[in-house]
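The values are calculated or read from the model by the stated rules, or taken from the named source; none is laboratory data. Every value quoted in this text rests on a predicted model; they were computed, and no experiment measured them. Heads up, the Cβs are rebuilt from the backbone with ideal geometry, glycines too, and the neighbour counts pull from every protein chain shown. Note: areas computed on protein heavy atoms with side chains; ligands, DNA, RNA excluded. Shrake-Rupley method; radii C 1.70, N 1.55, O 1.52, S 1.80 Å.
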Amino acid sequence: SAQKATRPGSVQAKKSQHAEEATFYMNCRAAYLTVLKSSLENIKSKEQLRLVLQQAGRNPSQLTVNKYWTSQTTMLNFDDFCSILKKEKPATKTELLEAFGKIDRDNTGYILHDELYKILTMRGEKMTQDEVRAITKQADFNCDGKLDYNKFCALYMTTSEQCCKAARERLEVDGRWRQQQFGSQAETSSEGITLAVSKPSPRISRKTDHKVAPTKGESRTPSRPSSAQGCKASVSTTLSIGASSSRNKKLIEPDTMKEWPCAQSKGCFYLEEDGEIISHKYKLHLAQRSTVCITIKPLNIGQVEGKYCHWLSVDTALYILKENETQENLQLVSFTEQQNKEVFGWKGELGSGVYWLLPFTTGCRLKKVKPQITGEAELVYRDEDGELALTKEFQAALLDIFETIDLDGNGLLSLEEYNFFELRTSGEKCDEEAWAVCKENFDMKKNELTRQGFMDLNLMEANDREGDPSDLWVTLLSLGYNKALEMTEACPFVIDIYAEKCKPRIKAMYLEAGSWQLNRAVCKSVVNKGEAKAMDGCENIIIYTYKAGRRITAVIENKSENKVIIHVNNEQSRNCLSNRGLTVFAVEVAPKSMMVSQHVMPLNEQEEWLYSCVHSLL
């Protein structure tokens, strides 16, 4: 009777949820078709992405656009656009007023045009002079050389709402648009079951034989695929690993290797707000065929005695891909599966040419955690003379940051190294002219910024805001620090390359999310080396399981002509940590494709762990 009593409310909640989803997708469609002729047409440029986001009531910064349109992105489809809108919520009036309130410290309701001009053209995502003048010329919210930001925010919100409303009205008037099928958006199932399904990736190859589906899931209501109707198939995998067995075959480093020519580069994994992980990507040049040894490990910096450094327990790996005629056709050579404590490595022979080194971490240990910090660390203070100074704690954090972004480890920051820092923290690059200004104002050697110069640059930023640490916190948070100045959402690493016959050269090329090339490499490595099991009664679905060092990876291959939804159950596993963060979940696998089901690691490496997973076809 209790179940019957609660059922109407449950049904009503589901209807409300479905209504919200329908409204959301209607707004997505309306915005998309304002810029593009059809939902089957792809977004082909960064400018198009900006336009469709604006039509959906967003006001994306350059940093936001760059996050979704990287150097390797060639197109985005309608599903990609919907996923972006779910993550990028429109700004509220309260948030806008709070931002202006930080500038208007006397709470007058106004900001002087001169002050606004200085802020908008010199800080953050810099505006042009004409763009600022366009704002200050608006008579509706300007008076006597001042900006009435309450009126400005009201106009901003009204304009944003009008954009969305106009797009919806246009869609409703044109029945041809309303009847279109939009991308591969799933229909609502009759049961109304909400499953976690894989999200579309902006960097998935549309040209390869095996399209690699992305790995992370989000809640959506998928339709029951025709290929699954009446087909109940499953496959189970069980692996028991002892505490001492969590080490794979050891990486053997002969003493003679220490005499080989070597190259080194540092880098970092950064955790995004949505849980996605980005990192540096590298090119390796070999002048001639040679035996090489390539290793990667977490970078040991800034350890305080008795203080736990979270990132040192993060798993790291490198995938080695050979570059051919085009970057789109990279071939997997190998990956770092041999292990010696926290070092993962690979030793073998490589021919002359160019290789890509793609760092990878499973996300089992580098993931979002709820902050349990009550206070906020002090970043600046005023000395006896009333001058601003950086606290010792902030100085220590800045030195660790310098150590991380100094990729070649020479104790100086080149313009290229500094620009990786700028792209991560502001979304913009520093050009040669701005670098020359830095040279005039901050300590440099051989046109590279010193540690002291880097510290002084941050002190100048504090002085620019008269001690307000807001911008400094933006920098710290984007680099993985929490309010207690602990690096909890980043993992710096170091790559070492030894070559017997020639001097290897390594160069960081990008700082971005895992590309489809990396997804494909992970899948191929598991398919090539893992144990394959076809589902009973449905042999077109194959589960590959591979154990590499202290991690287990499962890959699903769908050889059928239809998409399938696979239910994954880890309830019988013990002492295990999954990158999914869920014991039971479901993933959608596209036709003729393969994707990572999950990565699993031991929760406590000092104890035995049991991996027991059942994949079932829904």
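Of all the listed residues (39, 45), the sole one being open to solvent by less than 10 Å² (accessible area, probe 1.4 Å) and among the polar types (S, T, N, Q) is 39. Does residue 188 satisfy being modelled with pLDDT under 80, out of contact with any strand residue (DSSP E or B) (no Cβ under 8 Å at 6 or more places or on another chain) and farther than 16 Å from residue 35 by Cα? Criteria met by residue 188.
Under the condition of being of a type in the set (Val, Ile, Thr) and open to solvent by 40 Å² or more (accessible area, probe 1.4 Å), the residues counted in region 407-430 number 0. Inside region 75-106, can you point out the residues that are outside any helix (DSSP H, G or I), modelled with pLDDT of 85 or more and more than 23 Å from residue 425 (Cα to Cα)? If the condition is that a residue be outside any helix (DSSP H, G or I), modelled with pLDDT of 85 or more and more than 23 Å from residue 425 (Cα to Cα), then 75, 76, 77 are the ones that fit. Screening 532, 508 for residues that are open to solvent by 10 Å² or more (accessible area, probe 1.4 Å), closer than 26 Å to residue 314 by Cα and of a type in the set (A, V, I, L, M) leaves exactly one candidate, 508. Taking every residue in region 305-321 that is within 23 Å of residue 345 (Cβ to Cβ) and pairing it with any residue that is open to solvent by 10 Å² or more (accessible area, probe 1.4 Å) and at pLDDT below 80, at least 6 positions away or on another chain, the pairs with Cβ-Cβ distances below 6 Å are 309/303. Residues that are open to solvent by less than 30 Å² (accessible area, probe 1.4 Å), at negative phi and part of a loop (DSSP other than H, G, I, E, B) within region 476-503 comprise 479, 482, 502, listed in sequence order. Close Cβ contacts (under 8 Å, 6 or more residues apart or on different chains) running from residues in region 342-366 that are of a type in the set (A, V, I, L, M) to residues that are assigned to a loop (DSSP other than H, G, I, E, B) comprise 343/251; 350/289; 354/323; 358/514; 358/515; 366/314; 366/489. Looking across region 347-364, the residues that are part of a loop (DSSP other than H, G, I, E, B) and surrounded by 18 or more Cβ atoms within 10 Å (Cβ to Cβ) come down to 361, 362, 363, 364. Within region 431-475, the set of residues being in a strand (DSSP E or B) and open to solvent by 70 Å² or more (accessible area, probe 1.4 Å) comprises just one member, 445.
Remark: pairs (first residue in region 128-141, at pLDDT below 75; second residue open to solvent by 90 Å² or more (accessible area, probe 1.4 Å); Cβ separation under 6 Å; 6+ apart in sequence or on different chains) = 141/151.
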